[in-house]
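Everything on this sheet refers to the single structure shown next.
Read-outs: derived from the displayed coordinates by stated rules, not from any lab. Keep in mind that this is a model prediction, so the values were computed, not measured. Virtual Cβ from ideal backbone geometry, glycine too; neighbours counted across all protein chains shown.
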There are 2 protein chains.
Amino acid sequence: MTPGGEAAGKLIYEVLRLHGRLIAAGDALMADLGLSSARWQVLGTVAASGRPLTVPDLSRILGQSRQSLQRLVNEMVGDGLLRFTDNPGHRRSPFVEPTEAGRLLHVEVEARRIPWTEGIASRLGDVDTLAAVRTLARLRAVLERG
Amino acid sequence: MTPGGEAAGKLIYEVLRLHGRLIAAGDALMADLGLSSARWQVLGTVAASGRPLTVPDLSRILGQSRQSLQRLVNEMVGDGLLRFTDNPGHRRSPFVEPTEAGRLLHVEVEARRIPWTEGIASRLGDVDTLAAVRTLARLRAVLERG
DNA sequence: TCTATAATGACAACATGTTGTCAATTACGG
DNA sequence: CCGTAATTGACAACATGTTGTCATTATAGA
């Protein structure tokens, strides 16, 4: 293994371990709202999108399987956080929109997520954070093409 | 949101998306060996460790729950890749070691993992990769303390 | 327009991770 | 040495992600 190879191995290791920590932190941050990390990410994507999104749209945006998102969305519709609305362009695939309850919950999610994220940022420093974002984005591009 | 906060949000987003891509790539790389990403990571940790490890040791090293690792290890023992050996220091918690089949498989895993990782490294560059490792390690430290 | 292809929702099976609980073992402090 | 606290394996319930399949709907090209 070259030094670069060792470094890439460590980078992969860090990503895998960080994932678990981030999910756990996100779960804890919103636990009393009854929202898991997976759910407030979906709620946020739907609520913050400028245009109405279908389930396959969500799947492409979040990089996860259509079926996973379909299940999550169906459950959140059942919980009254999201609803399906008519999609004039597609009889089969409705738009997903937040309900009023979903919108209110999203406001609270953001009220917690933003200061939490700022706290992270203050401990990392903008320059290093942006450099890491660029490197991870390049790694993701490599994996998504090859 | 400050610029740093935006950057931290992007960093988190990249880590979450990269995780899925890395698992998928690892699964594909070893698919014909019958090893998932989770399993060859366990096999590698056990095989490369200088000292014998128990299941709770593995759990601490990999940063996952004891119960997850226990299940994985039990299944891999059932598959003949790992075996439990007597732990003189603890009647209840045996050591986990690779079997001969496990060792052979680990050699093949490494023969694939190393060039794959070198390929990644060559596309990222050592300096950026190491910088990202340091930043992610700092983020992980923040999450593991607070 | 017609037809082949792609996209979509629904359902199922499965892998992997979490938390919680319980009994047994181990470790530690007085 | 003893009693208490921590660790461990086993088991269960659950959340979230994957893949595969099938029927239906959209889309695009001949």
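Here are the numbers:
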item: The stretch A:1-114 shape via C-alpha gyration tensor axes, a/c threshold 1.5; result: oblate
item: Net charge, residue A:59 excluded, C-beta distance under 14 Å - Lys, Arg +1, Asp, Glu -1; result: +3
item: Prolate/oblate/rounded label for the stretch A:94-146 (Cα gyration tensor, a/c 1.5); result: oblate
item: For residue A:143, inter-copy label distances in nm, listed shortest first [label point 7 Å out on the Cα-Cβ vector]; result: 1.3
item: Residue-averaged beta-carbon neighbours from other chains (10 angstrom radius) around B:18-31; result: 4
item: Neighbourhood net charge (12 Å Cβ-Cβ; Lys/Arg +1, Asp/Glu -1) for residue B:3; result: -2
item: Residue of A:127, A:77, A:42 that the Gaussian network model of chain A assigns the largest fluctuation, springs spanning Cα pairs under 10 Å; result: A:127
item: Surrounding net charge for residue A:73, when Lys and Arg each add one and Asp and Glu each subtract one, Cβ distance under 13 Å; result: 0
item: Relative contact order for chain A, counting Cα pairs under 8 Å that sit 6 or more residues apart, in percent; result: 18
item: Euclidean distance of C-alpha centroids, the stretch A:78-118 and the stretch A:1-74, integer Å; result: 16
item: Exam field: residue B:108 pseudo-label spacings to other copies (7 Å along Cα-Cβ), nanometres; result: 5.3
item: Label spacing, shortest first and in nm, from residue A:86 to its equivalents in the remaining copies (7 angstrom along Cα→Cβ); result: 7.7
item: Estimated distance in nm for a label pair at residue A:90 and residue B:141, the labels positioned 7 Å out from Cα along Cα-to-Cβ; result: 4.6
